[in-house]
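Below: one structure, written as structure tokens.
The values are calculated or read from the model by the stated rules, or taken from the named source; none is laboratory data. From a predicted model like this one, the values you see are computed outputs, not experimental measurements. All Cβ positions, even for glycine, are placed from backbone atoms using ideal geometry, and neighbour counts span all protein chains on display. To get the accessible areas, we keep the full protein, side chains included, count just its heavy atoms, and leave off ligands, DNA and RNA. Shrake-Rupley method; radii C 1.70, N 1.55, O 1.52, S 1.80 Å.
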Amino acid sequence: MSKNNIKIALIGNPNTGKTSIFNKLTGLKQKVGNYPGVTVDKKKGVSKLSATQTAVITDLPGTYSINPTSIDESIVLKTLLNKDSKESIDVILVIADVENLKRNLLLFSQIKDLEIPTVLAINMADQMDKKGISIDLTLLEKELNTEVVLISVRKKQGIAALKEAIIRCHIATKASPLCGINHKVDPDYFNKLKEISPNYSLYELWLMVTQNNYPETITKEEKEKLLAFKQDVSKLKKYQHKETIYRYQEINKILKKTYIVDKSKATDLRSKLDKIFTHKFFGYFFFFTILLVIFQSIFDWATLPMDFIDTTFADLSDIVKDSLQPGVLTDLLVEGIIPGIGGVLIFIPQIAILFLFIAILEETGYMSRVVFLMDKIMRRFGMNGKSVIPLISGTACAIPAIMATRTISSWKERLITILVTPFTTCSARLPVYAILISLIIPNKKILGFLNLQGLVLLLLYVLGFGMAILGAYILHKTLKIKSKSFFVVEMPNYKIPSFKNVFFEVLEKAKAFVFGAGKIILALSIVLWFLASNGPKSFTNAEKNVVENVVNQNLSQEELNKKIASAKLENSYIGIMGKSVEPAIKPLGYDWKIGIALITSFAAREIFVGTLATIYSVEADDENTATIKQKMHSEINPATGEKRFNFAVGMSLLIFYAFAMQCMATFAIVKRETKTWKWPLIQFFGMGLLAYVSSLIVYQILS
Amino acid sequence: MSTIASLHIGELGYISEESLDFIPLKLLEMGCLPGAEVQLIQIAPLKDPLYICVNGAHLAIRKETASQIKILKANL
């Protein structure tokens, strides 16, 4: 990014149309990056302000003030206090909503006291007539001592004027504070504070004291002096209260002269819709109906594109295999990299559909009503109203579900939600459940109408959800994390969603998944490929040994190839790993072949079926190509002479797959969202231990 | 003394000066100021949280918080 760029920070209350303005100014020139050490992404985009002037715009999370109470908000403060580095902000663009101007100006007054050039954009100006609002713009500009622009992103009004104002503001010299906190609250106290450093505005120093947030540029001496101001906490709190009230008094004075609302003109659609959506009965009815629609869509709509991606990558593998010279590199490409990428991309349809719905619900303002409805229920389990969405999303796939926890502001509640979400039965468990159920549960009706197999599947879903809730409750009681559980949610006005915002939201989520989880899935796929297609000496000799052993059996080429593949697998590194874990999994009723499937299905549960298919296709002596189910059915446990997949082993495996976190994509996303290895490791071993112990108990009782 | 939690749906009140110390800073910043008019719009089905309109802002707060904010009921 060149030196000519103006560095702009975009800041505003939630629901002011901040995201729309960011999308409008930057279009597709956006980039999502992570803030080091925190869990929230920062979005940056490039905007062309004039023929000669471009700007880099940082979109900061929506906030009501710069006294942060959540991780989102602390990012705002960090960015604004970051003064002397290359990232420092030249111009702050504050977005306000014309209807809630008073509250929006509180944030503006704080920003103004930072003495950074500031432009105020009052959005949704097209609604003024309808809401009976009139503004004396010239007087407001004078009173606020800043550039004020009336805009409407929806109607595409005022954007050019906004860009001009930013350029003018950038050229102007240092800005002056609006309220100034010293003379009203406690002049002596604040004069002393001001003396600490001439390099920072008084308000910046005050923020450092109250928020315990110090920029890197501050000297040790200055910091020590500031720390002395921290000692009397109740005084700080009192002064913050006083400061806020003082700011509101000043704002009221200004608005009295410049802002008139004729309340009789306000429309009342909101209260009518709220009566339905937050109703004791209809509220839940609508919520569960919407959930049902989302569910259906994820499974129905996603099937077609997922199958398409699946076959495309399989075809691609074949094409590459046929067109390139055989060799290690081709094998890596055909068996490792291409299926690896396919395994990542196959989740995109589900993620896109899910986030399409979530973005729409968010944009319309309905999500706040769901949070309102569900908060009390979820609170009992250490989560909050906002945890509902991740838990529901988890039935499609835990990855987008865990990304959806970002809206939860309390870290403890968010962490609990992240840790328990993988218990909900995701779509990758379905193929495993389906085949095991068909092997061990007879296909018969009970009570005349209930299908026993279907009932067992339903019970597994209930088991998953129940475990999530129970897990949350246990974590709630054991995790010693101090996290403000203060809860306030704004109930925004109902709005028609903006196509552009929804589009960018879905795009962003898909991108975050592909580049976040994707890297690790791909890397592990390559590792798995390597382990399965290489081995010690016995591996290299496998083909020769097989050919020698079956020389008199008159096998077809196909059967021979299968036998060779099987022998290779058995002697490959992964086969050896399967054998080495056998003692550990024997008490659960598994042998080394199931062990291989367990290991490979760490990558993703559905690989379990495919792995067993490969292994058993060899042992089967019958000439016709039996289905996987038939092969698993006829697999014999040599020790007992009984079926390998008897009731006890099947149940043990079902329980194992219900509880174990066998999904490296989830592991990757938890690492990404918690920004540490600690939580995904705890989650992995915790769930693994639970799976192991539960399966052990189930098997020992049943066998 | 009444609090926001003791309002009936649709009822109006004014936040009293003496509850200033009990209003969390966050709520203060969102417009829950002493003297501000507050109306209870809706109570969630399990009696918590409460949906209020204060100073023109529509907010959902938990009952615990609401019961700490004293009000004077408007005489209608």
* Structure fact -> Carbon plus sulfur, as percent of the 1.4 Å-probe accessible area of the protein assembly as shown, comes to 61 percent
* Would you work out if chain B is rounded, prolate or oblate? Take a ≥ b ≥ c from the square roots of the eigenvalues of the alpha-carbon gyration tensor; rounded if a/c is under 1.5, else prolate when a/b is larger than b/c, oblate otherwise. => rounded
* **Average partner coverage of B:56-69, which counts Cβ from other chains inside 10 Å** => 5
* Excluding ligands, DNA and RNA, what is the solvent-accessible area per residue of segment A:450-560 at a probe of 1.4 Å, expressed in Å²? -> 59 Å²
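Membrane-span-like helices in chain A: DSSP H runs reaching 24 Å or more (Cα, own axis), mean Kyte hydropathy at least 0.5?
Once both thresholds are applied, what remains is A:282-323, A:452-478, A:499-533, A:678-702.
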* Using the per-residue mean of other Cβ atoms lying within 10 Å as a proxy for protection, in what order, highest first, do the peptides A:383-396, A:49-62 fall? -> A:383-396, A:49-62
* Structure fact -> In terms of the alpha carbon gyration tensor, root eigenvalues a ≥ b ≥ c, rounded if a/c is under 1.5 and otherwise prolate when a/b exceeds b/c or oblate, segment A:569-613 is oblate
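Nearest 20 debye, what's the magnitude of the dipole of the protein assembly as shown about its Cα centre given +1 on Lys and Arg Cβ and -1 on Asp and Glu Cβ?
With only Lys, Arg, Asp and Glu charged at Cβ, the dipole is about 1840 debye.
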* To do: Would you mind putting A:145-151, A:320-326, A:350-356 in packing order, based on average other-beta-carbon counts within 10 Å, highest first?
  => A:350-356, A:145-151, A:320-326
* Contour minus end-to-end for residue A:300 and residue A:549, with contour as 0.36 nm per residue of separation and end-to-end as the Cα-Cα distance? -> 84.8 nm
* Once every DSSP H run of n ≥ 4 in chain A is given -39500 (n - 2.57) and the sum is divided by its residues, what mean residue ellipticity at 222 nm do you get, rounded to the nearest 500 deg cm²/dmol? -> -19000 deg cm²/dmol
* Structure fact -> Total charge of the residues flanking residue A:341 in space, meaning their Cβ is under 13 Å from its Cβ, with Lys and Arg +1 and Asp and Glu -1, is -1
* To do: Partner chain Cβ atoms within 10 Å, averaged over the residues of B:18-24 - can you pull that number for me?
  => 2
* With all pairs of different alpha carbon atoms counted, what Kirkwood hydrodynamic radius in Å does chain A show? -> 29.0 Å
* Of A:317, A:667, A:587, which is farthest along the charge dipole of the protein assembly as shown in the positive direction, counting Lys and Arg as +1 and Asp and Glu as -1 at C-beta? -> A:667
* Over all residues in A:61-68, what is the mean tally of Cβ atoms on other chains that come within 10 Å of each residue's Cβ? -> 2
* To do: Mind checking which of A:540, A:171, A:390 is farthest towards the positive end of chain A's charge dipole, using Cβ charges of +1 (Lys, Arg) and -1 (Asp, Glu) about the Cα centre?
  => A:171
* **Summed buried accessible surface, chains B and A, 1.4 Å probe, nearest 100 Å²** => 3100 Å²
